[in-house]
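The values are calculated or read from the model by the stated rules, or taken from the named source; none is laboratory data. Nothing here was measured: the structure is a model prediction, and the numbers come from that model. All Cβ positions, glycine included, derive from the backbone under ideal geometry; neighbour counts span all protein chains shown. What goes into the accessible areas is simple: the full protein's heavy atoms, side chains included, and nothing from ligands, DNA or RNA. Shrake-Rupley method; radii C 1.70, N 1.55, O 1.52, S 1.80 Å.
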Amino acid sequence: MTYVFCNACGHRNPPNSSFCSSCGAVLDIPDERTIVIAQVDPMQDSPGSHDNASIRMGDVRGHGVLVVRSGELTGSRFTLDKDVTQIGRHSDSDILLDDITVSRRHAEIVKRGSSLTLRDLGSLNGSYVNQNRVDETEITHGDEIQVGKYRMIFFSKADILS
């Protein structure tokens, strides 16, 4: 299932939505959308608007983009342009997440045909997609991926336009 994010409040809406189910704002054309991701607050307080990460869907390249929504790298973007993208604490990882909660070779994202699959590589703390621990699963636009303490949102134009 692909999701449509609201420009006004960042709420995740069902596919083919015309209006945001949270605030009622009109949802627009995918390439012109700018999605604001509120920072995750570990104290469960209201997110601060000055700490938000955003991405314009027209800027999504390659197979997709991961935008970090929590951790020291909040707001960082990682373009997935290889057929296999390594995630881990090891210095030669494609996505280097330098924290003790991340294994040296934690996970990888593999392109298979027209889809992408997140595969955990036997990490100590596991890999999560939408708060569910996974060994291997297909990822689609709007999925939240957690590796160690880092939470990232996956954006893909292919999922929106299909």
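Observations on the structure shown:
- Contact annotation: residue pairs with Cβ atoms under 7 Å, 6 or more positions apart or on different chains, pairing a residue in region 122-147 that is closer than 18 Å to S103 by Cα and part of a loop (DSSP other than H, G, I, E, B) with a partner that is open to solvent by 60 Å² or more (accessible area, probe 1.4 Å) and not acidic (D, E), are G126/R133.
- Enumeration of residues in region 102-134 that are under 20 Å from R69 (Cβ atoms), hydroxyl-bearing (S, T, Y) and open to solvent by 40 Å² or more (accessible area, probe 1.4 Å): Y128
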